[in-house]
Amino acid sequence: MTATAQIVTVGAMPTPGADGAAVAAALGAAGVAVVSRAFVEDDEPALERALGSDDVLTVVLMGGSGSAGDIVRRVLARVTGTRLVLNERLLTTLQERHRRLDRPLPRRAERLALLPQGATVWVTPDAEAGWAMENGRRAFAVLTRDATLPAMIARHLTPFAREWAGTRGTTVVRTLRTAGLAAADVEERLGDWLGPDGEATVSTIPADAAKSLEKAETGVGAILGDDCYGRDGETLELVVGRMLLERRLTLAVAEACTGGLLGHRLTSVPGASAYFERGVLAYSQRAKEELLGVPGSLLRAHGAVSGQCAEAMARGVATLAGASCALAVTGIAGPDGGTPTKPVGSVFVGLLLEGEVTARRFQFSGDRAAVKWQSTQAALDMLRRSLRA
């Protein structure tokens, strides 16, 4: 039987592309296929409904140990038919963490140390403790969404998932990542590879798994072509950084509506200092004029949300930084500020590459966070495609 998992995020919706992607990649590497993702509010009935699957590993991601933590503990105790008991190891971990922070242990510390009976505590230095438990054919892992999540995944979740999957057959997972394509476009291209349940799958015995995976990856990758930028845990910023290094190019960015998110993504890659020169956050028209040299006459004629402005921003930051490449993003993230000709979600991306400058208009949907994320994805993909040309 194939090992499968679901990821349930409790609390506020995470930034797109964060949290669950790292968990899904780790589970795939451990031989566990992620079959669903769910986002629920801090609500016990909603969480209990989301945990309805049998014979599956459920990874619960929560925003902290406050109300979300209380809800997760109560619901998991209920669905596994166990009692909440004081976990001495967790209590000791909480005491030690507060001691290092030179903070008094809160009065509710014992309540925070209540876990379903049989749970195993996962401890990583300077991180919120996680925990896991098995219940019949089901297993649960509970982690906190914070900066220490990657360490918790590597140290605890991956080996736990690998061991759990070992009793359920072999699954080899490869994720091919695309940019600039809608889900419907991908499905249309991969029609011959899609199974009756709408999934590209390979059923195999362990000895032939790698060979079958390679064959499937080669075929699917050829169909996706240049729209496929990476595989498994490779992010677009990682791939772009690698290309810049190979060509010995430097990059500067100018941002308006993305508010620094593009620079944040680029500098999240270890070693980015080898190619990333600087970023300028020019939110207002005055900032665009003063920091990037965008002519006031251009802004009056075309507006700050325009292809002309995006091109001028890219030229300005490239000149300022002495960089061979530049990206600029300007747009309307919403929820207000749209017009009939430039509705909310209108974004212009400017690209300068070795002296040549271009701009492209995009129309994104979703809330403010979604528009910002899609804008940075589009900007990075524009640069990636130009570097491949």
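The values are calculated or read from the model by the stated rules, or taken from the named source; none is laboratory data. No experiment lies behind these values; they were computed from the predicted model shown. Cβ placement follows ideal geometry from the backbone for every residue including glycine, while neighbour counts extend to all protein chains displayed. Heavy atoms of the whole protein, side chains included, go into the accessibility calculation; ligands, DNA and RNA do not. Shrake-Rupley method; radii C 1.70, N 1.55, O 1.52, S 1.80 Å.
If you go through the stretch 378-386 one residue at a time, do you hit one that is open to solvent by 60 Å² or more (accessible area, probe 1.4 Å), in contact (Cβ under 8 Å) with a residue 24 or more places away in the chain, over 16 Å from Leu261 (Cα atoms) and of a type in the set (D, E, K, R)?
In the first step, residues of the stretch 378-386 are kept if they are open to solvent by 60 Å² or more (accessible area, probe 1.4 Å); the result is 385.
Checking which are in contact (Cβ under 8 Å) with a residue 24 or more places away in the chain leaves us with 385.
After this cut, where a residue has to be over 16 Å from Leu261 (Cα atoms) as well, the list is 385.
So of that shortlist, the ones also of a type in the set (D, E, K, R) come out as 385.
Looking through the stretch 378-386, at least one residue is open to solvent by 60 Å² or more (accessible area, probe 1.4 Å), in contact (Cβ under 8 Å) with a residue 24 or more places away in the chain, over 16 Å from Leu261 (Cα atoms) and of a type in the set (D, E, K, R).
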### Summary
Of the listed residues (Ala77, Ala38, Ala24), the one being outside any helix (DSSP H, G or I), in contact with a strand residue (DSSP E or B) (Cβ under 6 Å, 6 or more places away or on another chain) and either modelled with pLDDT of 85 or more or on the phi > 0 side of the Ramachandran plot (or both) is Ala38
### Task
Working only within the stretch 74-83, note down all residues that are among the hydrophobic types (A, V, I, L, M, F, W, C) and open to solvent by less than 20 Å² (accessible area, probe 1.4 Å).
Val75, Leu76, Ala77
### Query
Out of Val72, Val142, which single residue is modelled with pLDDT of 90 or more and over 30 Å from Arg174 (Cα atoms)?
Val72
### Query
Out of (1) open to solvent by less than 50 Å² (accessible area, probe 1.4 Å); (2) under 21 Å from Arg177 (Cβ atoms); (3) part of a loop (DSSP other than H, G, I, E, B), the odd one out for Val239 is which?
(3)
### Query
Does the stretch 116-134 include one or more residues that are more than 22 Å from Thr9 (Cβ to Cβ), without any contact (Cβ under 8 Å) to a residue 60 or more places away in the chain and buried (at least 17 other Cβ atoms within 10 Å of the Cβ)?
yes
### Query
Which residues, taken from the stretch 296-319, are open to solvent by 60 Å² or more (accessible area, probe 1.4 Å) and in contact with a helix residue (DSSP H, G or I) (Cβ under 7 Å, 6 or more places away or on another chain)?
His302, Gln308
### Query
Looking only at residues in the stretch 334-355 that are surrounded by 16 or more Cβ atoms within 10 Å (Cβ to Cβ) and out of contact with any strand residue (DSSP E or B) (no Cβ under 6 Å at 6 or more places or on another chain), which one is nearest to Glu311 (Cα to Cα)?
Lys342
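One line per residue, one yes/no per condition, for (1) at pLDDT 75 or above; (2) farther than 30 Å from Leu224 by Cβ; (3) out of contact with any helix residue (DSSP H, G or I) (no Cβ under 8 Å at 6 or more places or on another chain):
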residue	(1), (2), (3)
Ala132	yes, yes, no
His156	yes, yes, yes
Phe160	yes, yes, yes
Gly166	yes, yes, yes
Leu176	yes, no, no
Gly195	no, no, yes
## Note on the structure
Residues in the stretch 307-356 that are touching a residue at least 24 places away in the same chain (Cβ under 8 Å) and farther than 17 Å from Arg286 by Cβ total 33
#### Entry: Residue tally, condition among the aliphatic types (A, V, I, L, M), more than 20 Å from Leu157 (Cβ to Cβ) and at pLDDT 80 or above, over the stretch 80-123
8
### Message
Being open to solvent by 40 Å² or more (accessible area, probe 1.4 Å), hydroxyl-bearing (Ser, Thr, Tyr), modelled with pLDDT of 95 or more and in contact with a Leu (Cβ under 6 Å, 6 or more places away or on another chain): is that true of Thr358 here?
### Response
yes
### Query
Exactly one of (1) open to solvent by 40 Å² or more (accessible area, probe 1.4 Å); (2) part of a helix (DSSP H, G or I) is unmet by Ile71. Its number?
(1)
### Query
Residue check: is Val280 out of contact with any Phe, Trp or Tyr (no Cβ under 7 Å at 6 or more places or on another chain) and outside any loop (DSSP other than H, G, I, E, B)?
yes
### So Thr58, is it closer than 17 Å to Ile7 by Cβ, open to solvent by less than 30 Å² (accessible area, probe 1.4 Å) and hydroxyl-bearing (Ser, Thr, Tyr)
yes
## Note on the structure
Checked pairs for the stretch 267-292, first open to solvent by 20 Å² or more (accessible area, probe 1.4 Å), second part of a loop (DSSP other than H, G, I, E, B), C-beta under 7 Å and 6 or more apart or across chains, list as Glu277/Thr250; Glu277/Ala323; Gly279/Gly260; Leu281/Gly259; Leu281/Gly260; Tyr283/Ala256; Gln285/Ala304; Leu291/Ala282
### Summary
Note on Ala184: of the conditions (1) at pLDDT 75 or above; (2) surrounded by 16 or more Cβ atoms within 10 Å (Cβ to Cβ), unmet is (2)
